[in-house]
1. With the condition being loosely packed, with under 14 Cβ neighbours inside 10 Å and within 16 Å of ligand 1 (Cβ to nearest atom), I'd like the strands (runs of 3 or more DSSP E) fully within the range 132-224 carrying at least 3 qualifying residues.
2. Please enumerate the residues belonging to the range 41-59 that are at negative phi, assigned to a loop (DSSP other than H, G, I, E, B) and within 11 Å of ligand 2 (Cβ to nearest atom).
3. Looking at (1) within 20 Å of the chain's Cα centre (by Cα); (2) within 16 Å of ligand 2 (Cβ to nearest atom); (3) within 23 Å of residue 220 (Cβ to Cβ); (4) surrounded by fewer than 12 Cβ atoms within 10 Å (Cβ to Cβ), which is the one condition that is false for residue 99?
4. Could you look through the range 60-81, keep only residues that are assigned to a loop (DSSP other than H, G, I, E, B) and buried (at least 19 other Cβ atoms within 10 Å of the Cβ), and pick out the one that is nearest to ligand 2 (Cβ to nearest atom)?
5. Just give me the residues in the range 225-243 being crowded, with 21+ Cβ neighbours inside 10 Å and part of a loop (DSSP other than H, G, I, E, B), in sequence order.
6. State yes or no: is residue 50 in contact with a strand residue (DSSP E or B) (Cβ under 9 Å, 6 or more places away or on another chain), without any contact (Cβ under 8 Å) to a residue 40 or more places away in the chain and either outside the structural domain of residue 217 (by TED's automatic domain parsing) or more than 16 Å from ligand 1 (Cβ to nearest atom) (or both)?
Ligand SMILES: [Zn+2]
Ligand SMILES: [Zn+2]
């Protein structure tokens, strides 16, 4: 056993990594640590077919190509996908990740993204992964951007470069959960800006924790496309209306 392995083992003993759903230390199964407890697996539901061809939200039948939202509104982004459907277990997990400094969840979240959406990422073949940015004042008060943590892990697993400097949030926005659809769009108007470097990309994948109406992905996609990016795709951890 080399020193790095011993050190990692010691860290695991002192600070055991937790299941992001229940927050308890991870269990072992067949000598391997499992990321999400077997009992917690029942509390999360993965997005499955049939799903909206645009946003990736579950739809009721195979005949339905788009969800109600996407059949009514044009989106600025090209296509999106998500890992989990909304549930209170996922909501609580993301809440701890965002507000209770559970940064280590990003590791499992990114693995789940690769498992559930890896085929989409491969098909989209983006030049860069860009996390949905937070405003600098929020970054100062919270200490980290949750989307950036997931993006970094996703970049590590997929081998796609992560760019967390080219897209900026230049406007402080009201919390989206208190707003309706049109208010969300208004709230995000001119919220994002790019620096000149972005035109070097033709296809970009943006990453966020939650997708509700798509207003955030749209606002990011618009800023990126105005700067010359051709295609913008999005992946979120969870999709749903309950946030
Ligand atoms: Zn658990
Ligand atoms: Zn849709």
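1. none
2. Selection gives 52, 53, 54, 55, 57, 59.
3. The single condition residue 99 does not satisfy is (2).
4. 67
5. Within the range 225-243, just 229 meets the criteria.
6. It is true that residue 50 is in contact with a strand residue (DSSP E or B) (Cβ under 9 Å, 6 or more places away or on another chain), without any contact (Cβ under 8 Å) to a residue 40 or more places away in the chain and either outside the structural domain of residue 217 (by TED's automatic domain parsing) or more than 16 Å from ligand 1 (Cβ to nearest atom) (or both).
Table: residues versus (1) within 12 Å of ligand 1 (Cβ to nearest atom); (2) touching a helix residue (DSSP H, G or I) at 6+ places or on another chain (Cβ under 6 Å).
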| position | (1), (2) |
| --- | --- |
| 28 | no, no |
| 68 | no, no |
| 72 | no, no |
| 82 | no, no |
| 92 | yes, no |
| 105 | yes, yes |
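The values are calculated or read from the model by the stated rules, or taken from the named source; none is laboratory data. Values in this document were obtained by computation on a predicted structure and should not be read as measured data. Neighbour counts are summed over all protein chains in view; Cβ atoms, including those assigned to glycine, are modelled from backbone coordinates with ideal geometry.
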